[in-house]
Amino acid sequence: MPRYNRSFDLTIPDVDLIEEALRARGRELSRMRLALKQDDPAHFEAIRVIDADLREGEDLLGRLHDQK
């Protein structure tokens, strides 16, 4: 079974690029969430998934920032 690489050789510009990509994803998810009607029961699950994705991205951004 293959093992995960636990050692990464990323530069600060690499991390900056990853952070910017995560921010762009967050902006797109936010736009998608705003497009959904919050009082429509058909959208509840989609909103829940988008909110979870937004939280996950923000958590990752925080961890990346702490490692710089």
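The values are calculated or read from the model by the stated rules, or taken from the named source; none is laboratory data. In this text, all values refer to a predicted model and were calculated from it rather than measured experimentally. Protein only, heavy atoms only, side chains kept; ligands, DNA and RNA dropped before computing areas. Shrake-Rupley method; radii C 1.70, N 1.55, O 1.52, S 1.80 Å.
Across region 57-68, computed HN-Hα scalar couplings (Karplus, 6.51 cos²θ - 1.76 cosθ + 1.60, θ = phi - 60°) run x, 5, 4, 5, 4, x, 5, 4, 4, 5, 8, 6 Hz from first to last residue, x flagging Gly and Pro.
Under a Gaussian network description of the chain, with springs only between Cα atoms under 10 Å, the residue in Asp16, Asp39, Asp53 that fluctuates furthest is Asp39. Measuring nothing but protein heavy atoms, the accessible surface of the chain at 1.4 Å probe radius is 55 percent carbon and sulfur.
Here are a few candidate values for mean projected area of the Cα convex hull in nm²: (1) 6.5; (2) 6.1; (3) 4.6. Which one was actually calculated from the structure I just gave you? It is the value labelled (1).
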